[in-house]
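The values are calculated or read from the model by the stated rules, or taken from the named source; none is laboratory data. These numbers come from a predicted model, not from an experiment. FYI the Cβ positions are ideal-geometry reconstructions off the backbone, even for glycines, and counts take in every protein chain you see. The protein model used for the area step is the full one, side chains on, heavy atoms only, and it has no ligands, DNA or RNA in it. Shrake-Rupley method; radii C 1.70, N 1.55, O 1.52, S 1.80 Å.
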Amino acid sequence: MVILVGPGASGKSTWAAAHFPAERIVSSDRLRALVGTGEDDIAASTDAFALLDDVVARRLARRLTTVIDTLGLDADRRRQWLAQAHAAGLLCVAVAFDTPAAECRARNRGRAKRIPVDVLSAQLRAWPAVRDGLAGEGYHAVLTPQPVRVVPEVFVGSAPAVQRQRERPTGLRFGLHVGEFRFPATALTEIAQAAEAAGFDAIYVMDHFRQIPQLGRAWDDFLESYTTLAYLAACTSRVRLGALVTGVTYRNVAHLGKIVATLDVLSQGRAVCGLGLAWFREEHVAYGWEFPPVRERYALLEDALRVLPMLWGRGSPPFHGSAISVPETMCYPRPVQAHVPVILGGGGERRTLRLAARYADAANVPGDLATVRRKAEVLREHAREAGREVELTHLSTALVGTDDAEVAALVEKLRPRRQDPARYAAAVHAGTVDDHVGRFRELAEAGVREVMVRLPDLTDPAPLSRMAHVIAAFR
């Protein structure tokens, strides 16, 4: 027997419905509606409780689990139910709903049919004495509210996922995605070397010429991508380097091939080529570039995916595509890598993922876990049709703290002045090391092989040292 005890609007019926099948719950409100004109028909209470007592007695006689959903504030009734449970040889548990009075009043104000204010006030005044006396009434257990962690929705499944990662570890690659330069350019070396030390497998930069509106103002400092990657090649020794992703409209495609090949030579075989359709119209207008219609950009993107491997290969055969022609696909020195990996950014299921399956080594998709799972299945189907294997990668933001207190402090420090802390925490995926280990484990289970992580607090190497603990869980 489970006896729910608490003032009105404290959450008893909602809790019962979430944890027990409806047929196990004996509710005074529902019985009041059955024998009267509705759940709020107080005149029907005597008949409703007589029926409740009869139903409870008959269920206990059959030793059926029974949840009694009433206010539970009447001590005599609680003693009666407890005695019946003992007589039936059943355990009896009281669940105390110690919801703050202000919350009960707020919930009541939101109801279509409210408990009269004076009635609810009387229940709230009586509640402390009832709550404090439950422990001495003889129940097998009294369940009381316990502290809970309020986390962004993305972390709800993290705890069991962390446990799975500890018991059955899986590998996952990590890339640092640099999309903001909120540190002096002179600090880039220190940050890049700290990323290597933290265990990152790659460093990616965003390929834009001005900051995008999602991350800042157009006039915020923003370094040109391939110049920055060449610099990073000189101050790192292990991480792969690439743009995530290069808009296909930004450069002559053959010239882009030469740039990536040079990066691969200077980095001794660590270049990655990220490609995308390009979307930032305002940037094109500001720099005087054409911004073709989507159909034309897709044609150019497919041509780029076809011609770049030719530029990096032997000889200089001509290429004639639907959007561009390259009379001599010549690029010397050739890349150090026999095959420069190509990542195609975007989650379009009909065209982008099909192109990734036909030509790329990996697709980089955004979105929540459910979206990633769906994209992974679509990519697998396209790859089966193309007779190829293509990896799935994922770009995400992560604000990592060692514990809840540090996470809260980081959110308070970084959030825009007028933005709600919880909303900001959800936007940047603010959580502890374990929260992120669980989240990345779920992504790995969805088919992701590499996560590219943007750290919103990357103004110095400190966030990288916290991220190192997350990466270590996948090594």
Those residues of the stretch 141-161 which are within 27 Å of LEU414 (Cα to Cα) and either of a type outside the set (S, T, N, Q) or assigned to a strand (DSSP E or B) (or both), in sequence order: PRO147, VAL148, ARG149, VAL150, VAL151, PRO152, GLU153, VAL154, PHE155, VAL156, GLY157, ALA159
Where ASP435 falls short, out of the listed (1) in contact (Cβ under 8 Å) with a residue 40 or more places away in the chain; (2) among the charged types (D, E, K, R); (3) under 27 Å from GLY276 (Cβ atoms): (3)
Residues within the stretch 217-238 that are within 15 Å of PHE200 (Cβ to Cβ) and in a loop (DSSP other than H, G, I, E, B), tallied: 3
Restricting the stretch 243-255 to residues that are without any contact (Cβ under 8 Å) to a residue 40 or more places away in the chain and of a type outside the set (A, V, I, L, M, F, W, C), the residue that is least open to solvent (accessible area, probe 1.4 Å): THR246
Residue within the stretch 89-98 that is free of Cβ contacts under 8 Å to residues at least 24 places away in the same chain and either open to solvent by less than 40 Å² (accessible area, probe 1.4 Å) or more than 22 Å from THR144 (Cβ to Cβ) (or both) present: no
Some residue of the stretch 354-364 being under 20 Å from the mean Cα position of the chain (by Cα) and either within 27 Å of GLY257 (Cβ to Cβ) or not aromatic (Phe, Trp, Tyr) (or both): yes
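Listed here are the residues, each with its yes/no results for (1) open to solvent by less than 60 Å² (accessible area, probe 1.4 Å); (2) in a strand (DSSP E or B); (3) among the aromatic types (Phe, Trp, Tyr); (4) touching an Asp or Glu at 6+ places or on another chain (Cβ under 7 Å).
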site: GLY257; (1), (2), (3), (4): yes, no, no, no
site: ALA261; (1), (2), (3), (4): yes, no, no, no
site: VAL272; (1), (2), (3), (4): yes, yes, no, no
site: GLU283; (1), (2), (3), (4): yes, no, no, no
site: GLU296; (1), (2), (3), (4): no, no, no, no
Members of the stretch 113-140 found to be touching a residue at least 12 places away in the same chain (Cβ under 8 Å), in a helix (DSSP H, G or I) and of a type outside the set (Val, Ile, Thr), listed by number: LEU120, GLN123, LEU124, ALA126, TRP127, ARG131, GLY133, LEU134
Selected residue (criterion: surrounded by the fewest Cβ atoms within 10 Å (Cβ to Cβ)) from residues of the stretch 426-475 that are closer than 23 Å to ALA243 by Cα and of a type in the set (Asp, Glu): ASP460
Residue within the stretch 234-242 that is crowded, with 16+ Cβ neighbours inside 10 Å, hydrophobic (A, V, I, L, M, F, W, C) and at pLDDT 95 or above present: yes
Within the stretch 164-178, tally of residues that are in a strand (DSSP E or B) and touching a helix residue (DSSP H, G or I) at 6+ places or on another chain (Cβ under 7 Å): 2
